[in-house]
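**Q** Encoded as structure tokens, here's the structure I'll be asking about.
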Amino acid sequence: GPLVLEAHFGPRGFLYEPYPGFSNAGLGGGLVGRLRVSGREQLVLGYDIDGRYFPDSPVLLSLEADGERELAPDPERRADLRHAVTLSAATARRLFCSVTYTLIYNQSQSLGETYLRHRAQLLAGTHLPLELFASVTAGLQITQYPDGLAISQRLLLEDSDESQNKLVLTLRRPITEQLTIEGRVGLFSNELSDSGLSFARATTYIGFSYRS
């Protein structure tokens, strides 16, 4: 039928060797629905949830008797609950185009680790004269921190959260039936540019791919 439902469940983990306190592990699962609007259009709606358990204790904000606030560790281990809702639409006509929006809410009992993240991505591609194929990928990520920003969020984003602000242009052309040449130019930046730890980079790539 035009509607397909998929479910998944399993363990996940993230290991950061320079500082194991950023590492985490847990269980997660989700549900994805794919609706075929026509032979060339598709809508996808997905929901994921996973628990993330950290080796370090969470940081809490406590009030002293004189009204002063201070940061205090909690005797329990830090635990986060992460929700993600994704909506995407794609068309595969002469111009292939896919638009995706993801809303991520990370709930944590550690101060500064709760956030609401908006992520949008555009992918478009089309065939050009001279057997060329061009594509562009653009992404934007904006994050809100209702309790403020923790130092770990300033220093480290997981692999799946890094380099989400990007613009990548790709051009490729087949040389033979098996060999293709490809050129790529990419611009990447992080969203914490006001933290003093910002980065921006440009990459250029030229290579070949072989298909047997």
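**Q** Of the residues that sit in the stretch 52-84 and are within 20 Å of residue 115 (Cα to Cα) and open to solvent by 80 Å² or more (accessible area, probe 1.4 Å), which one is modelled with the highest pLDDT?
**A** For the stretch 52-84, the residue satisfying everything is 53.
**Q** Under 6 Å between Cβ atoms, at least 6 apart or on separate chains: pull out the pairs that start in the stretch 106-125 with a residue that is on the phi > 0 side of the Ramachandran plot and end on any residue that is at pLDDT below 95 and open to solvent by less than 20 Å² (accessible area, probe 1.4 Å).
**A** From the stretch 106-125, the pairs are 112/150.
**Q** Further question on the same structure: Quick one: count up the residues across the stretch 193-212 that are of a type in the set (Gly, Ala, Ser), modelled with pLDDT of 80 or more and open to solvent by 70 Å² or more (accessible area, probe 1.4 Å).
**A** So the answer is 2.
**Q** Turning to a different aspect of this structure: Can you say whether residue 39 is modelled with pLDDT under 80, farther than 27 Å from residue 139 by Cβ and either part of a loop (DSSP other than H, G, I, E, B) or not hydrophobic (A, V, I, L, M, F, W, C) (or both), as far as the supplied structure shows? Full working, then the answer.
**A** Details: modelled with pLDDT under 80: no; farther than 27 Å from residue 139 by Cβ: yes; either part of a loop (DSSP other than H, G, I, E, B) or not hydrophobic (A, V, I, L, M, F, W, C) (or both): yes.
For residue 39, the condition - modelled with pLDDT under 80, farther than 27 Å from residue 139 by Cβ and either part of a loop (DSSP other than H, G, I, E, B) or not hydrophobic (A, V, I, L, M, F, W, C) (or both) - is not met.
**Q** Could you grab me the full set of residues in the stretch 5-21 that are of a type in the set (D, E, K, R) and outside any strand (DSSP E or B)? First the steps, then the outcome.
**A** Taking the stretch 5-21 first, the residues of a type in the set (D, E, K, R) are 6, 12, 17.
The answer is 17, and nothing else.
The values are calculated or read from the model by the stated rules, or taken from the named source; none is laboratory data. All figures in this text were calculated on a predicted structure; none of them were measured in a lab. Neighbour counts are summed over all protein chains in view; Cβ atoms, including those assigned to glycine, are modelled from backbone coordinates with ideal geometry. The area values use the complete protein model at the heavy-atom level, side chains included, leaving out ligands, DNA and RNA. Shrake-Rupley method; radii C 1.70, N 1.55, O 1.52, S 1.80 Å.
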